[in-house]
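Peer 1: Following this message is one structure expressed as structure tokens.
The values are calculated or read from the model by the stated rules, or taken from the named source; none is laboratory data. The structure presented is a predicted model; accordingly, all values stated were derived computationally and were not measured. When we count neighbours, we look across all protein chains shown, and the Cβ atoms used for this are built from the backbone with ideal geometry, even at glycine. Ligands, DNA and RNA are excluded from the accessible area calculation, which covers all protein heavy atoms including side chains. Shrake-Rupley method; radii C 1.70, N 1.55, O 1.52, S 1.80 Å.
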Amino acid sequence: MTSTPRAGTAETAETAAATQVPRRAPVVDDGAGGVLSGPWRALTLGIVSVVLLLAFEATAVNTAMPTAAAQLDGIGLYAFAFSAYFTTTLLAMVVSGQWCDRRGPLAPLFSGIAVFAAGLVTAGTAVNMWMFVAGRAIQGLGGGLVIVALYVVVGRAFPERLRPSVFAAFSAAWVLPSVLGPVISGAVTQHLGWRWVFLAVPVLVLLPLAVMGPALRRSERDRPLTERRPYDRRRTRDAAMAALGAALLQYAGQRLDGWAVLPAAAGLALLGPAVLRLLPRGTLRAARGLPTVILLRGVAAGAFFASELFIPLMMQTQRGLSVTMAGLTLAPGGLSWALGSWLQGRPGAERHRDAMIRFGFVATAVAIGGAALVLFAAVPVWVTAAFWALGGVGMGLAIASISVLMMRLSKPAETGENSAALQLSDALGNVLLTGLAGVLFAALGGGAVGAVAHDAALPAGAFAAVFLTMPAVALAGALLSGRTVVARSDG
């Protein structure tokens with residue numbers, strides 16, 4: 001099966017055939033054993049360790065960030081501490097994809113881990129907020145390199161039958177950080193100081209390096225050789241344009257005044273053309289096969305996380321929950337996400353891949369709408385946690401299945417580029433739909449989220465606008481899910 005042509009790729013089939021290099025004998029898969037069996041145990045444990053590291057950092061930083069910004073007299077730059085990570089990640093994802101396709105995932109993976117650790121140290125030792133923001137930007141570079149390289153490792157080192165289980169392990173690695181990360185980070189911030197939330201994490205880098213390094217080098221040495229695609233400088237330039245455009249849109253969404261039109265227009269002018277060239281041709285019009293698979297990743301991630309952002313605020317302002325209890329409302333979603341990912345990796349699930357994606361989107365839509373029922377005073381608060389658990393199952397089924405389909409529809413030499421496109425779609429879906437949710441929320445009286453006191457009274461209609469729009473986006477994803485199947489020709 002061939003993958004969809006890339007925008008900006010001039011290489012033809014004839015050129016690819018001419019540049020094909022001899023292959024070694026492929027790694028033998030006897031069809032027995034799982035991801036924790038002999039040949040793949042160390043690699044799986046190493047990958048899960050890396051994801052665990054990234055997950056803990058992501059959940060812990062959200063808890064420590066307000067204290068860090070306050071002590072560095074940088075509340076005015078609070079949002080930039082998040083957007084700096086996101087912006088550099090967009091660029092690093094594309095660089096990592098090309099790097100992996102040309103040289104394999106070893107260099108970008110280990111370089112990314114080192115850069116990520118350097119960013120943590122920079123942020124943890126920051127003497128002012130600008131240095132802290134710079135540390136977050138360095139973290140984003142490392143995180144972008146790492147996540148794409150991990151996807152490439154899965155595509156190159158594991159046989160197709162084991163990939164669903166590996167992606168399930170990815171999701172499972174988020175369970176403990178989702179539940180314990182805020183608690184641990186809060187305790188460390190209170191008793192030792194926020195800096196140790198950043199400075200303690202780099203020590204954990206040694207574990208995945210020690211566990212995964214030898215196994216990954218061995219798998220790369222033994223795998224078949226494929227053609228090396230030429231480095232595409234235009235893709236790197238487009239990635240920089242997309243990152244800058246996304247940052248401008250975020251800035252415009254935070255201003256919420258007349259002057260916001262200028263950065264918003266500039267952001268769209270940069271982002272639009274860059275995205276068209278970075279994503280597979282036909283992605284924005286949901287062409288069958290790989291383009292729709294890539295698009296659905298952004299739709300799923302954006303709808304779910306744009307809604308999740310407002311749940312703690314809704315629980316605090318509308319139902320009077322404490323910060324801790326409001327955050328724990330989301331914990332069932334992290335646990336059930338792992339369950340959904342595990343289910344899609346079970347034997348026999350492969351023939352239901354498209355149905356699982358469709359069900360995942362429908363479950364997500366129901367969960368988002370159901371979570372907002374607590375806007376009615378008669379509805380108990382546990383209802384939101386229950387619906388969010390349903391949403392987690394749906395996301396676990398959909399996200400992991402989308403990743404499996406992406407691997408299946410990718411040529412070996414394009415795995416890195418397509419993995420980068422998948423992550424890029426995820427990131428863009430998050431920023432665009434979160435931005436839309438923020439505009440709707442503010443337009444109906446919600447105001448800027450960061451400026452709202454926890455005990456402030458907010459209009460229920462502002463929340464309702466978000467929790468009615470995002471289910472519609474998720475249902476659109478369900479309707480598009482049938483287009484992941486490539487149409488068969490009569491010939």
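Peer 1: Return yes when ALA476 is assigned to a helix (DSSP H, G or I), over 30 Å from ARG163 (Cα atoms) and modelled with pLDDT of 70 or more and no when it is not.
Peer 2: no
Peer 1: Same structure, new question: Just need a number here: residues in the stretch 359-376 that are without any contact (Cβ under 8 Å) to a residue 24 or more places away in the chain and of a type in the set (A, V, I, L, M, F, W, C).
Peer 2: Residues flagged as without any contact (Cβ under 8 Å) to a residue 24 or more places away in the chain and of a type in the set (A, V, I, L, M, F, W, C) within the stretch 359-376 amount to 2.
Peer 1: Still on this structure, I have one more. Tell me the residue from PHE310, PHE305 that is among the aromatic types (Phe, Trp, Tyr), modelled with pLDDT under 85 and farther than 30 Å from ASN418 by Cα, please.
Peer 2: PHE310
Peer 1: Do we have any residue at all in the stretch 342-358 that's of a type in the set (S, T, N, Q) and within 15 Å of SER481 (Cα to Cα)?
Peer 2: The answer is no; no qualifying residue exists.
Peer 1: Right, here's the next one. Going by the structure shown, is GLN98 farther than 28 Å from SER185 by Cα, at pLDDT 80 or above and not hydroxyl-bearing (Ser, Thr, Tyr)?
Peer 2: So GLN98 fits the description; yes.
Peer 1: Which residue is nearest to THR484 (Cα to Cα), if the candidates are limited to the stretch 378-400 and must be without any contact (Cβ under 8 Å) to a residue 40 or more places away in the chain and hydrophobic (A, V, I, L, M, F, W, C)?
Peer 2: Filtering the stretch 378-400 for residues that are without any contact (Cβ under 8 Å) to a residue 40 or more places away in the chain and hydrophobic (A, V, I, L, M, F, W, C), the one nearest to THR484 (Cα to Cα) comes out as PHE387.
Peer 1: May I pose another question? Please work out which one of (1) open to solvent by less than 30 Å² (accessible area, probe 1.4 Å); (2) over 20 Å from the mean Cα position of the chain (by Cα); (3) at pLDDT 70 or above; (4) not small (Gly, Ala, Ser) is the condition LEU440 fails and give its number.
Peer 2: (1)
Peer 1: Return the residues of the stretch 431-444 that are of a type in the set (A, V, I, L, M, F, W, C) and assigned to a helix (DSSP H, G or I); say none if nothing qualifies.
Peer 2: VAL431, LEU432, LEU433, LEU436, ALA437, VAL439, LEU440, PHE441, ALA442, ALA443 - these are the residues of the stretch 431-444 that are of a type in the set (A, V, I, L, M, F, W, C) and assigned to a helix (DSSP H, G or I).
Peer 1: Next question. Within the stretch 167-188, take every residue that is among the aliphatic types (A, V, I, L, M) and under 19 Å from the mean Cα position of the chain (by Cα) and give me the one that is most open to solvent (accessible area, probe 1.4 Å).
Peer 2: Selected residue: LEU176.
Peer 1: Answer yes or no: is there a residue in the stretch 409-430 that is closer than 30 Å to ARG319 by Cβ, assigned to a helix (DSSP H, G or I) and in contact (Cβ under 8 Å) with a residue 40 or more places away in the chain.
Peer 2: Scanning the stretch 409-430, I find at least one residue that is closer than 30 Å to ARG319 by Cβ, assigned to a helix (DSSP H, G or I) and in contact (Cβ under 8 Å) with a residue 40 or more places away in the chain, so the answer is yes.
Peer 1: In addition: Report, by residue number, each residue of the stretch 104-126 that is open to solvent by 20 Å² or more (accessible area, probe 1.4 Å) and without any contact (Cβ under 8 Å) to a residue 24 or more places away in the chain.
Peer 2: The answer is ALA107, THR122.
Peer 1: Taking the stretch 296-330 on its own, how many of its residues are in contact with a Pro (Cβ under 9 Å, 6 or more places away or on another chain) and either open to solvent by less than 20 Å² (accessible area, probe 1.4 Å) or part of a helix (DSSP H, G or I) (or both)?
Peer 2: Summing the residues that are in contact with a Pro (Cβ under 9 Å, 6 or more places away or on another chain) and either open to solvent by less than 20 Å² (accessible area, probe 1.4 Å) or part of a helix (DSSP H, G or I) (or both) in the stretch 296-330 gives 8.
Peer 1: Hey, can you tell me all the residues within the stretch 182-205 that are over 21 Å from MET325 (Cα atoms) and part of a helix (DSSP H, G or I)?
Peer 2: ARG195, TRP196, VAL197, PHE198, LEU199, VAL201, PRO202, VAL203, LEU204, VAL205
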